[in-house]
Amino acid sequence: MNVNHSVPARRPSASRRRTLPRLLPTTAVAVVLAFAAACSGPAAAGGSAKSPAADASGAKPAPGNGSLHIAVISHGGPGDAFWNVVKNGSTDAGKQLGVQVDYNSDPDPSGQAKLIDNAVAQHVGGLVVSMANPDALQSSVKAAVAAGIPVITINSGSAKSREFGAIGHVGQEESVAGEGAGAKLKQSGRHKVLCVIHEAGNIGLNQRCDGARKGFGGDVVNLQVDAANPTDVLSRIRGALQADPAVDGVLTLNAQIAATATEAVKALNSKAQVATFDLNTDVISAVKAGTIAFAVDQQQYEQGYLPVVMLKLQHDNGNTVGGGLPVLTGPAFVDASNVDQVAKYAARGTR
C-alpha cells in the first residue's frame, strides 16, 4: 500500500527524533498482521482457510460472523468514495479473521453519536470510530468505554483518542501530512496557495491547512466551501482565483473537491497548479493527465483494516498496538512517478 514515502525535508532535528517512535507502531502492526493471519486468516494458495475456534457447543462460526462483533462508525457521507475504501478494508478484515463487522456512517455529528449509542446498546465487542468532531462524540465514546467496549479511533481526532479512553488510533497525522503537501508545492515553484476546506467543524481539515502553511513557508489562504453544494464550490473557487491572480496553487482536501478545482482552473485558463488530499479514480486520471500535480494518500484501506486486526488481537490475546502513539497510515504521495502502480489498486477499491 505504500507509494512514494520520500517526504521533502522540512523538519528540524528535534522533530526527526520524534518520527521514529511514530513509525514503530506501524512496524508492530506488520508483525501482528502476520500473527493474526497465521492464527485465523486464509490459508496459502491451494489450502483451505482455518476456521475460527469452536464455541462451547462445538459449533464453528462462519467467517465474517464470528463471536467477536465490531461496529465501525464513521462520519462519511452517503456514497463517499473515500469512506467506501475504509469500509472495504474493515469488511475484508472481518471476512479474513472470522469477525462480524457492521459498518455505518453519518456525516452529522449528532447522528454519528446516535449510531455509537446504538452499538453500545447492542453490546458489541469492539468499536471503531472516526472523530472529525470529537466534542460531539465525547459522551458516546466514553459511554462505550465505561461499558467495557474497547474503542479504536481512526482518521480524525487522534489528539482526543486517549483522553476519551480509546486503546489506539489509526490514521495519518494531519499537520504532518499538510506540511509535506506544502513543501511539495513550494518545491514546484508555487508562490501563493488557496487551501480549500470543505467541511465546517472538521478539525482535521484545519490541521491540514495549518500544516501546509508551515511546510510552504509562504502565503496560504483558507477558503471555506460546502461540499454538499458542488455549484457553490465551483463558484467560490472561481471567485477566489479571479479576485487574486497571484494565487498559483490550489490545495484541496478531498478528491471530489479536487475535480471541481480543476474545472475552475480550466474555465479561467488559470496557471494555478492543483494538488489534493486523498485518491479516487478521477484523481488518478487527473494525475496521469497532469491536471493534478499530486495527491496526498493516507491509505485509508488500512484505516478500516488495521483496527479490526487490533481488536481481534485484543479480544483473543489481550494485546494493544501502538504503545500509546498513533499507528500512521500516511502520508504517502502519488504523482506521475508512481500513479500507474497505484491505479490498479484503486480500481479494485483498496486505494
**Report entry** Segments 326-333, 278-285, 142-149, 106-113 sorted - mean Cβ within 10 Å per residue, highest first
**Finding:** 326-333, 278-285, 106-113, 142-149
**Report entry** Label-to-label distance, nm, for residues given as residue 146 and residue 242 (7 Å Cα→Cβ offset)
**Finding:** 5.4 nm
Report summary line: Given a 1.4 Å probe, the accessible area of segment 195-351 per residue, as a whole number of Å², is 40 Å²
Requested in this report: Please give the FRET efficiency for residue 289 paired with residue 135, using the beta carbon to beta carbon distance and R0 = 45 Å, rounded to the nearest 0.05.
Outcome: 0.65
Requested in this report: Whenever you get a sec, compute what percent of the accessible area on segment 68-202 sits on carbon and sulfur atoms (1.4 Å probe).
Outcome: 46 percent
Query raised in the report: Can you run phi through the Karplus equation (6.51, -1.76, 1.60; θ = phi - 60°) for segment 81-87 and list ³J(HN,Hα) in whole Hz, with x for Gly and Pro?
Result: 4, 4, 6, 4, 5, 4, 4
Query - Isotropically averaged projected area of segment 156-203, using the convex hull of Cα atoms (one quarter of hull area), nm² - result: 4.3 nm²
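Which whole-number value in Å³ per residue fits the convex hull of the alpha carbons of segment 230-351? Spell out each step's value before the answer.
Numbers: hull volume 16.7 nm³, N = 122.
Output value, Cα hull per residue: 137 Å³.
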Report task. May I ask you to order 340-349, 131-140, 253-262 by the average number of other C-beta atoms within 10 Å around their residues, highest value first? Result -> 253-262, 131-140, 340-349
Query raised in the report: Which percent of the accessible heavy-atom area of segment 290-351 goes to carbon and sulfur, probe 1.4 angstrom?
Result: 45 percent
Query raised in the report: Using the reciprocal of the averaged 1/r over all distinct C-alpha pairs, how large is the Kirkwood radius of segment 122-161 in Å?
Result: 10.2 Å
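The values are calculated or read from the model by the stated rules, or taken from the named source; none is laboratory data. Keep in mind the model is a prediction, meaning the values are calculated, not measured. Cβ sites come from the backbone with ideal geometry, for glycine too, and all protein chains shown count toward neighbours. Ligands, DNA and RNA are stripped out before the accessible areas are found, and what is left, the full protein with its side chains, is counted by its heavy atoms. Shrake-Rupley method; radii C 1.70, N 1.55, O 1.52, S 1.80 Å.
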